[in-house]
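Written out below as structure tokens is the structure these notes cover.
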There are 2 protein chains.
Amino acid sequence: MSLCETDDFQSVSQTLNVMSVKTDPVVKRHDLGMDHHVATCRAELVAVLTTLRNGMPEVLTLQDGHCLPAGPLETEHTSLQRGLRHWVEQQTGFRLGHVEQLYTFGDAAQAQQDRLVRISYMALTRGGQTQSGWQSWYTYFPWEDRRTNACHTSLKTIQDHLKSWAGDQTDRLERCNQVFGLNGENWNDDTVLERYELLWEAGLVPEAGPNSVPQINGQSMLWDHRRILATALSRLRAKIRYTPAVFELVPEEFTLLHLQQAMEALSGRLMHKQNFRRLVQNQQLVEETDRYESGVQGRPARLYRFRRENSENCYLSGAELPLDYIS
Amino acid sequence: MSLCETDDFQSVSQTLNVMSVKTDPVVKRHDLGMDHHVATCRAELVAVLTTLRNGMPEVLTLQDGHCLPAGPLETEHTSLQRGLRHWVEQQTGFRLGHVEQLYTFGDAAQAQQDRLVRISYMALTRGGQTQSGWQSWYTYFPWEDRRTNACHTSLKTIQDHLKSWAGDQTDRLERCNQVFGLNGENWNDDTVLERYELLWEAGLVPEAGPNSVPQINGQSMLWDHRRILATALSRLRAKIRYTPAVFELVPEEFTLLHLQQAMEALSGRLMHKQNFRRLVQNQQLVEETDRYESGVQGRPARLYRFRRENSENCYLSGAELPLDYIS
DNA sequence: ATACTATATGCTCAATTAGAGCATAATAGA
DNA sequence: TCTATTATGCTCTAATTGAGCATATAGTAT
């Protein structure tokens, strides 16, 4: 929600310790707490940069798709975001625009002196990028693309494995049903992360360790980066439904079908064309231009433009109509 | 959205570097990146614990309401969450239940070797707490409680100051209108953080520094903790609308009016009684008990219980009816 | 030119949900 | 018994949503 732009403390706030509090033991307490055992950390900054190309949502990766742009916070970086920008630019040549924090992972498993804290961010960009290293989201999460029947084979396999993992433990069964919508339950687009974590827990992804039995398609990543990617997809799918974030991914001028296909690519589901159009127009999210698309078959579609003025409180939800499921 | 329970990496994921990637330069790159300049950090863990008491949402504080429970990550802590739990328990005696990460702030303003990274969390608990130090949310954000006319004085003052800050800069004016709903625009319950940050930017809260002119009521906090609190309120207000999170704040058995008042306290707005009841019952979020409330005036109200089974995909939105605004 | 195909766009109709408020029921206390 | 007070049931209208038919406008094959 909050596109918190200022990621970092204002310097002034550091000087506030003496302000408006009579008793000073607060400061003492903190000092006391820090005099022993305080762990030193390195902070690593990880970026999930998303774009749309050819109706596919893509993410910027390194190393043949096996990890995300990332790097440690350095003393020269004057803020977390600036550190992130530095690494992404250095590693991919890309200059980030607006950025949204996702989640902070701490390494763990045992007490230790040297720690790694991984702070992940999400950013969006319009298509037409020149960098190499863009990979489709659904390379990593084939089961999340429900626009075609292709996902069914992937889902069928997953469901079989999940069932045998759950056995007759009702709590496991119930979670599988919830998260993957096994029996009649609804599939929730937004719970990408929950699904991935369930697969992890069930040992069905290679990241789960050497004892896992990864018989599921979908490419893995190093250093838990695929979990970070799942977090990003969850967030973005939720976000496009209550903010006009899609418009950061489509060109300045677009047809309503382009817009719809962008929503479909991100949410992984097909929508009802006429109703989608009605929704968008009622919300007054867009305004007509006097131009039309050219060079395509059929009646040419009018080009529209995003109406920035109005639209802070509008959203682009509903109008979902999964099509042709059980083929 | 994602109640990501596992805050931390699995240990196995650390051993993955050798897996499924032919070329190893990834590891090299990271090593190279870290050989100079890497900043060392301390991680501080901050908790926003919320409860409901007497129809008021309250937060657990220290030092007479001037800061939140917090402490540094220590070597003994085997995860960020466990560190958080340790500090909260040590400082307040309270044992946290489920916890949700909010945001990570990095200190900044200048390049430096020793850094502080502040990782904030939110947790909910039922009423009946014995600790001292609970403070009403609206002590810190009086303008956010729109259930009574009391907020109007606070809001009026704010609007006047904001207008004089904006002057005739249209971008500032537009933001004020958006965020505080100055002219006809809708007030968005969820944007607590945006409002607080706007006040900061306008120099209307003391945290904004020595040059600020804090002529607005609402108690301030140390170390940017009030911003963390604002983040928590934003998150919680959003969350209760698409998950059954309210039920973590009301007793096992409750009347529908209790439930409504809980929603009202959190969202800061009044709702239409009959329609709220209709909504809750249609969603099948609750089930009847055979018991009734006693000891109050009027017809006794039936007690209900949360239906955990069904309700993952249900929400408790709509039914908002601000009452008696312009008195 | 004509038929055919493909897409865009306009419009309808029924079902459901939301907004507002009236009416009745059930209690405690005067 | 009467009154104040709260709970709960119900109605009525206005919007919104889900589904799909019909028409418009282009390119392409015959």
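Just so it is clear, none of the values below were taken in a lab; they were calculated from the coordinates. Just so it is clear, the structure is predicted and the values come from calculations on it, not from any experiment. In this analysis, Cβ positions are derived from the backbone assuming ideal geometry, glycine residues included, and neighbour counts consider all displayed protein chains.
Okay, here's what the table says:
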| quantity | calculated |
| --- | --- |
| Gain in span if fully extended, A:S132 to A:Q274, counting 0.36 nm per residue against the direct Cα distance | 47.5 nm |
| Neighbourhood charge, 10 Å Cβ-Cβ cut-off, centred on A:R172 and excluding it, Lys, Arg +1 and Asp, Glu -1 | -2 |
| Computed magnitude of the charge dipole of region B:142-217 (debye, nearest 20; Cβ of K, R +1, Cβ of D, E -1) | 280 debye |
| Dipole-positive endmost among B:T50, B:P72, B:V38 within region B:32-87 (Cβ charges, Cα centre) | B:T50 |
| Dipole in debye (nearest 20) - region A:196-284, about Cα centre, beta carbon charges: Lys, Arg +1; Asp, Glu -1 | 400 debye |
| Estimated inter-spin distance, B:A301 and A:N54, nm [label 7 Å along Cα→Cβ] | 5.9 nm |
| Antiparallel bridges, percent of DSSP beta bridges restricted to region B:35-135 (to nearest 5) | 60 percent |
| Ellipsoid semi-axes in whole angstrom, largest first, where each is sqrt(5λ) of the Cα gyration tensor of region A:250-313 | 18, 16, 11 |
| Prolate/oblate/rounded label for region B:142-217 (Cα gyration tensor, a/c 1.5) | oblate |
| Dipole axis of region A:250-313 (+1 Lys, Arg; -1 Asp, Glu on Cβ), positive-most option in A:V296, A:L259, A:L270 | A:L270 |
| Relative exposure of B:M56, A:M122, judged by other C-beta atoms within 10 Å (fewest first) | B:M56, A:M122 |
| Residues of region A:227-266 with amide N under 17 Å of a point placed 7 Å along Cα→Cβ from A:E293 | A:247, A:249-266 |
| Cross-link table A:K273/B:K273; A:K156/A:K273; A:K163/A:K273; B:K163/B:K239; B:K163/B:K273, entries beyond 30 Å C-alpha to C-alpha | A:K273/B:K273; A:K163/A:K273; B:K163/B:K239; B:K163/B:K273 |
| Residue mean of other protein chain beta carbons inside 10 Å, B:216-227 | 3 |
| Neighbour net charge for A:T289 - beta-carbon separation under 14 angstrom, K R +1, D E -1 | -2 |
